[in-house]
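Trainee: Below is one structure. I have some questions about it.
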Amino acid sequence: MKTHIIKLFPLIAAILVILQYVFVPNFREFTPLDQTAPTHVFTWFMGFVALMFLVWNIAAFVSKKADEKLRQAALIYSAALVLLLIYDFATLKTGILPQPFVPWSDAILNAIIRDRVILWRSVLHSLRLLFTGYGIGVTLGIIAGVAAGWSKHVRYWVQPVVKVLGAIPPVTWLPIILVVANSLFGGAVFLISLAVWYPVTSTTMNGVLSVPKSTFEAAKTFGVTQFGMIFKVALPASMQFIFQGLMQGMSVACTALLVAELMGVEAGLGWYINRQRGWADFAGMYGAIVIICITFLTVTNVLNIIRRRVLRWKDGEA
Amino acid sequence: MIEIKNITKTFKREGANESLCAIEDLSLSIKRGEFISIIGTSGCGKSTLLRMIAGLEFPTKGEVLFDGEPISGTSPNRGLVFQEHTLFPWMTVKKNIVFALKSAKRYEQYGSIVDTLLETVGLRQFANSYPHQLSGGMRQRAALIRSLAVSPDVLLLDEPLGALDSFTRMQLQDEIVHLWKERGNTMVMITHDVDEAVYLSNRIIVMSPRPGRIVEIVDVPISYPRNRGASEFARLRTRLLKRLDFASEVEHEYYL
């Protein structure tokens with residue numbers, strides 16, 4: 001007999017967060033003029049979260065799949081909500097964490113809503129920068145990787161470049177780029193594509209090198225052309241490795257993007273964070289961090305979904 | 001149709017100046033429609049010989065002729081099946097076969113027989129499965145019909161059943177005989193298994209190692225389908241094992 005109680009944990013945790021927020025006294029009094037005065041936005045938000053878990057619980061009675069998923073995720077979600085509970089306790093309720101440098105959830109949520117237009121524009125600008133650089137880096141990386149995996153002569157030149165430059169964090173070059181580049185956007189694109197190029201090149205090369213010789217020989221006996229050998233054999237055969245590079249590349253690209261925006265580029269999420277810090281708008285700063293987390297998580301998830309699709313022929317990737 | 005004339009093959013050892021002689025002064029002629037098995041202990045150059053017929057390697061001295069022409073590279077006319085299945089794991093079974101046919105530019109001609117071939121080896125309902133979803137035996141069957149689909153004049157088999165359990169082996173041996181009889185192409189197979197060689201082939205080439213050369217060619221005048229338990233079968237097997245120095249109890253008397 002499986003217990004059902006575990007499925008209720010996230011719902012209970014969400015309700016506890018609301019109860020604490022509404023009924024436990026705050027660490028100080030707020031006047032309506034206070035910019036960070038607690039509102040009911042957070043109450044509604046958490047109410048929505050609680051409602052979602054309630055719906056999920058009901059769905060679990062009907063669908064076996066929903067039931068399994070909820071059981072799997074229940075503890076993690078509960079833990080996350082308990083962390084939120086503790087966070088609010090340590091900020092709004094007791095002020096244990098230094099105020100006003102660590103704003104509570106409601107203040108962050110309100111800051112996000114207040115600055116939604118500029119935040120949305122910043123997200124778009126960041127994504128545009130990210131994908132321009134990522135696209136260029138991935139394209140050049142796959143070309144270099146396949147060429148290096150294919151030909152000893154190309155490998156002779158590419159391998160040391162990857163080895164030496166790959167050991168240096170790409171953001172090291174940022175000061176030079178900021179000085180030399182004509183446009184900051186162009187400079188940041190260059191930096192991001194450079195950051196992506198290393199992992200993609202090296203995993204693609206290793207991927208092509210790892211394809212068993214007999215795979216190529218079999219293809220050869222069917223009369224596969226040189227073009228086909230590269231695009232229809234070597235490339236798909238090393239797809240698993242290439243995706244490793246794509247994932248690693250995405251994570252370094254995100255780092256490079258943020259550093260570039262924090263250091264110089266005059267738009268995007270990194271820039272927004274810096275600006276809010278300058279204005280001592282800590283809630284806005286935290287809000288931007290939350291948005292950054294959501295953005296990068298989404299990007300990585302989408303990449304993961306694509307990977308699973310492409311690699312569905314692989315054992316255990318389906 | 002395949003003429004191997006006095007070939008010698010040496011490999012340069014990496015780093016050292018000496019070279020390794022894999023095959024020395026070997027000649028052999030293979031007739032159209034024959035089933036030839038090559039047996040011998042490891043290192044006797046049988047794989048090298050097969051790869052030279054496939055056009056993946058070339059002799060250091062001598063020449064290999066196919067229909068009177070020296071072999072200058074691979075060709076869909078000479079198919080090769082490896083010990084480890086070489087199906088492309090990112091394609092389904094059927095796509096593997098279609099890819100082979102299209103690469104060989106024979107899809108128009110033979111595209112219609114793909115389903116029949118799948119049926120013959122019992123893979124019809126696995127046509128859209130990926131290789132990792134199949135058992136070892138099914139993979140090897142798929143690899144076999146992939147090579148056969150392009151209708152090669154010669155099918156070269158490099159220990160195709162070496163990695164399979166003995167029951168699957170025997171099943172596949174029957175299927176190979178069946179496919180060979182049906183299509184009438186030439187088969188050249190390497191094997192470590194004396195029983196397999198006797199069961200399948202018209203002629204068995206026994207090779208000895210270092211350097212690889214032919215020590216004996218044994219005709220197998222038993223009609224198909226063959227009976228694994230027949231006395232003729234056992235006699236031939238003993239003779240071959242002796243030739244390979246594995247049935248040497250008798251010879252001990254000489255030493256004593």
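Trainee: Closer than 28 Å to A:W279 by Cβ, modelled with pLDDT under 90 and of a type outside the set (G, A, S): is that true of A:D34 in this structure? Working first, answer last.
Mentor: On the way: closer than 28 Å to A:W279 by Cβ: yes; modelled with pLDDT under 90: yes; of a type outside the set (G, A, S): yes.
For A:D34, the condition - closer than 28 Å to A:W279 by Cβ, modelled with pLDDT under 90 and of a type outside the set (G, A, S) - is met.
Trainee: Still on this structure: Residue by residue through segment A:116-154, note down the ones that are crowded, with 20+ Cβ neighbours inside 10 Å and either out of contact with any helix residue (DSSP H, G or I) (no Cβ under 6 Å at 6 or more places or on another chain) or among the hydrophobic types (A, V, I, L, M, F, W, C) (or both).
Mentor: A:L119, A:L129, A:L130, A:V138, A:I142, A:A144, A:V146, A:A148
Trainee: Turning to a different aspect of this structure: Is at least one residue of segment B:76-85 away from chain A (no Cβ under 11 Å) and among the small types (G, A, S)?
Mentor: If we filter segment B:76-85 for residues that are away from chain A (no Cβ under 11 Å), which is where we start, we get none.
Within segment B:76-85, not a single residue is away from chain A (no Cβ under 11 Å) and among the small types (G, A, S).
Trainee: Identify, by number, the condition in (1) buried (at least 18 other Cβ atoms within 10 Å of the Cβ); (2) touching a Phe, Trp or Tyr at 6+ places or on another chain (Cβ under 9 Å); (3) touching a residue at least 12 places away in the same chain (Cβ under 8 Å) that A:V224 doesn't meet.
Mentor: For A:V224, the exception is condition (3).
Trainee: Right, something else. In segment B:113-135, which residues are within 14 Å of chain A (Cβ to nearest Cβ) and under 26 Å from B:L50 (Cα atoms)?
Mentor: Scanning segment B:113-135 gives a single hit, B:P131.
Trainee: Going by what's in this entry, would A:I291 be described as closer than 18 Å to A:A188 by Cα and surrounded by 21 or more Cβ atoms within 10 Å (Cβ to Cβ)?
Mentor: No.
Trainee: Now for a separate question. Working carefully through the options A:L235, A:L257, find the one that is within 14 Å of chain B (Cβ to nearest Cβ) and either crowded, with 20+ Cβ neighbours inside 10 Å or touching a residue at least 40 places away in the same chain (Cβ under 8 Å) (or both).
Mentor: On the way: A:L257 fails: within 14 Å of chain B (Cβ to nearest Cβ).
The unique qualifying residue is A:L235.
Trainee: Same structure again: Go over the candidates A:V82, A:V17, A:V22 one by one and state the one that is surrounded by fewer than 17 Cβ atoms within 10 Å (Cβ to Cβ) and touching a residue at least 60 places away in the same chain (Cβ under 8 Å). If you could, list the steps in order and put the result at the bottom.
Mentor: Details: A:V17 fails: surrounded by fewer than 17 Cβ atoms within 10 Å (Cβ to Cβ); A:V22 fails: touching a residue at least 60 places away in the same chain (Cβ under 8 Å).
From the options A:V82, A:V17, A:V22, the qualifying one is A:V82.
Trainee: Show me the helices (runs of 4 or more DSSP H) entirely contained within segment A:128-241 in which 3 or more residues are farther than 25 Å from B:N96 by Cα and under 26 Å from the mean Cα position of the chain (by Cα).
Mentor: Values: elements: A:152-166, A:174-180, A:184-210, A:213-221.
In segment A:128-241, A:152-166, A:174-180, A:184-210 are the helices (runs of 4 or more DSSP H) which contain 3 or more residues that are farther than 25 Å from B:N96 by Cα and under 26 Å from the mean Cα position of the chain (by Cα).
Trainee: Same structure, new question: Can you go through A:V24, A:V41 and tell me which one is touching a Lys or Arg at 6+ places or on another chain (Cβ under 6 Å), of a type in the set (A, V, I, L, M, F, W, C) and closer than 19 Å to A:L109 by Cβ?
Mentor: Working: A:V41 fails: touching a Lys or Arg at 6+ places or on another chain (Cβ under 6 Å).
Result of the check over A:V24, A:V41: A:V24.
Trainee: Look at segment B:153-191 and say how many of its residues are part of a loop (DSSP other than H, G, I, E, B) and touching a Ser or Thr at 6+ places or on another chain (Cβ under 8 Å). Give the derivation first.
Mentor: Step one: list which residues in segment B:153-191 are part of a loop (DSSP other than H, G, I, E, B), which gives B:153, B:159-165, B:184-185.
Filter once more, so that each one left must be touching a Ser or Thr at 6+ places or on another chain (Cβ under 8 Å): B:153, B:159, B:161-162, B:185.
Going through segment B:153-191 one residue at a time, the tally reaches 5.
Trainee: For A:E266, work out the one condition from (1) in a helix (DSSP H, G or I); (2) more than 14 Å from every other protein chain (Cβ to nearest Cβ); (3) under 22 Å from the mean Cα position of the chain (by Cα) it doesn't fulfil.
Mentor: Result: A:E266 passes all but (1).
Trainee: Mind checking which residues of segment B:103-112 are modelled with pLDDT of 85 or more and either more than 14 Å from chain A (Cβ to nearest Cβ) or surrounded by fewer than 21 Cβ atoms within 10 Å (Cβ to Cβ) (or both)?
Mentor: B:K105, the sole residue that qualifies.
Trainee: Please go through segment B:148-162 and pick out each residue that is at pLDDT below 90 and within 13 Å of chain A (Cβ to nearest Cβ).
Mentor: Filtering segment B:148-162 for residues at pLDDT below 90 gives B:148-153, B:159-162.
Within segment B:148-162, B:L148, B:A149, B:V150, B:S151, B:P152, B:D153, B:E159, B:P160 meet the criteria.
Trainee: Still on this structure, I have one more. Mind listing whichever residues of segment A:195-254 are hydrophobic (A, V, I, L, M, F, W, C) and closer than 18 Å to B:S147 by Cα?
Mentor: Listed by number, the residues that qualify are A:F216, A:A218, A:A219, A:F222, A:V224, A:M229, A:V233.
The values are calculated or read from the model by the stated rules, or taken from the named source; none is laboratory data. This structure is a prediction, so every number in the text was calculated from the model and none was measured. Note: ideal-geometry Cβ built from the backbone for every residue, glycine included; neighbour counts use all protein chains shown.
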